Structure formats: structure tokens, C-alpha cells
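Asker: One structure coming up, written as C-alpha cells, with questions to follow.
The values are calculated or read from the model by the stated rules, or taken from the named source; none is laboratory data. If you're wondering where the values come from, they're calculated on a predicted model, not measured in any experiment. Backbone-built Cβ (ideal geometry, glycine too); neighbour counts: all protein chains shown. Ligands, DNA and RNA are excluded from the accessible area calculation, which covers all protein heavy atoms including side chains. Shrake-Rupley method; radii C 1.70, N 1.55, O 1.52, S 1.80 Å.
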Amino acid sequence: MRVVIVVLAFCSAIPAAASTLELDKAVMSATHFGMTPMGVADRKTLAQAGLAYWKSFDSRIPRNSPTVLDWLKKEMNTTDSARIHRLTATSEYALWELSETSTLCVDLFRSANELVGLGAFNELYTWTKTLGCYVSRSDLLFYLKQAGLSNGKDDGPFSLQHFGIYHKEITGVVANTLLDEARGSK
């Protein structure tokens, strides 16, 4: 039987400025719930709210040590389904999944903040890429619970209540506004 020693390097503490619930509500509010066209100022507000949310989320995900990361990579390099099943059931794997997602989302929302108002094509492409952050609320909740960071509910320590409305907003109002702007019709 092999014993794996797990060493986690924890990130800095939660920013004191706002809770996850407050940041979640800020993103929801910035969507305007699909009620109005999303002009440049509104999209900038949404991009800033999204960045603040994902930075907070990211800062609270403990990171695996380099030793554990090496072990994960080695274990993932197999076709043995029993081994893969054991690996994906570990908290180390859950932390890796969460950190991969949160790091990517911080980068995507940084790009969104930089590109708002600088051209419809690039901006729409970036907004569309941010949808990857929202692909599976259930997976995020599962990994948060598996890692021992949450109770597995979307109103827990990592509030994910804005996820549904965000997707609708980007594929609806934001996309339509950018198309209208590109056509010069608004």
C-alpha cells in the first residue's frame, strides 16, 4: 500500500472588502437581469464585477504543493479506469480542478475588462470565452464539497447564484448589443 503525503500551500485570506455572497449579488446586479441593452459602461461594470468575483473565488482555493501536482500528473497519465476513479475521488484532484477553473476565469475576466469597448468582435469573443467559467455549476459545487471547502450548495461559502442569469445575459443582451454596435444600429 502506498501512502501519499499531502502538503497544501494556502492562498492569502479572503479580501475583507466583500463576501462571496456580496460579490455574487454584484455580478447579478450588473447583468441588469436582461432588461436593458448593455452599453460600454454597463459591460465594463459587468466585467469588473466578474473579475472581483473570480479573484475572490480564486484566492480562497488552497493550492496543491508541487509534489502533489507531480503526483496528480503522473496519476492522470493512465488508461486504467479504476486508477482514474480513485484519483478523481481525492480532495487533491478537486483542488486541482477548482484552481484550474478559477485561474482561467480570473485571466478571462481580466481580458474582458481590457477589451470592453475596443471592438465588437474581440469583445464578443472574450465574453463568449467567459461562459466556460459557468459551464457546470454542479461540477464546481461537487469539487468544492469534495475539497472540504463548501457544503455543496450554491448559496454556501462559495455563492454561485448568479451563474444561470450570467449565461443568459451574455448569450442574449450582451451579444445582441455588441452585434447592434457592430452594425451601427445603436
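Asker: ³J(HN,Hα) across the stretch 134-147 via Karplus (A = 6.51, B = -1.76, C = 1.60, θ = phi - 60°), whole Hz, x for Gly/Pro?
Answerer: Each residue's phi maps through the Karplus curve to give 10, 4, 9, 4, 5, 5, 4, 4, 4, 5, 4, 5, 4, 7 Hz.
Asker: Return the distance in nm (one decimal) between the two label points of a simple spin-label model at SER65 and ALA120, each offset 7 Å from Cα along Cα→Cβ.
Answerer: Spacing of the two 7 Å Cα→Cβ label points: 5.4 nm.
Asker: Would you mind checking the tilt of helix 120-130 against the longest principal axis of the Cα atoms of the chain, expressed as 0 to 90 degrees and rounded to 10?
Answerer: Helix 120-130 sits roughly 30 degrees off the main axis of the chain.
Asker: Tell me the per residue accessible area of the stretch 28-176 using a 1.4 Å probe; a whole number in Å² is fine.
Answerer: 48
Asker: Could you identify which residue out of GLY119, GLY152, GLY50 has the top mean-square fluctuation in a GNM of the chain using Cα springs shorter than 10 Å?
Answerer: Evaluated over the chain, the most mobile residue of the options is GLY119.
Asker: To the nearest 0.05, what FRET efficiency results for GLU22 and MET76 with a Förster distance of 35 Å applied to their C-beta separation?
Answerer: 0.45
Asker: How much accessible surface does LEU149 have with a 1.4 Å probe, in Å² rounded to 10?
Answerer: LEU149 exposes around 40 Å² with every protein chain in place.
Asker: Tell me whether the stretch 64-146 comes out rounded, prolate or oblate; compute the Cα gyration tensor, take square roots of the eigenvalues as a ≥ b ≥ c, and use a/c under 1.5 as the rounded threshold.
Answerer: Note, shape of the stretch 64-146 comes out prolate.
Asker: Where a Cα-Cα gap under 29 Å defines reach, which lysines qualify for LYS25, not counting those fewer than 8 residues away within the same chain?
Answerer: Partners found: LYS44, LYS55, LYS129, LYS145, LYS153, LYS168, LYS186.
Asker: Follow-up. Give the residue from LEU141, ALA120, GLY184 lying farthest towards the positive end of the charge dipole for the stretch 98-186; charges sit on Cβ (+1 for Lys and Arg, -1 for Asp and Glu) and the dipole is referred to the Cα centre.
Answerer: About the Cα centre, the residue reaching furthest to the positive side is LEU141.
Asker: Just checking my list [x] 18.5, 64; [y] 18.5, 68; [z] 17.1, 60 against Rg and Dmax of the Cα atoms in Å computed from this structure; which label fits?
Answerer: The listed entry that was calculated here is [y].
Asker: Per the helix-only calculation at 222 nm, which mean residue ellipticity applies to the chain, given -39500 (n - 2.57) for every DSSP H run of n ≥ 4 and division by its residues, nearest 500 deg cm²/dmol?
Answerer: Calculated from helices alone, the mean residue ellipticity at 222 nm is -19000 deg cm²/dmol.
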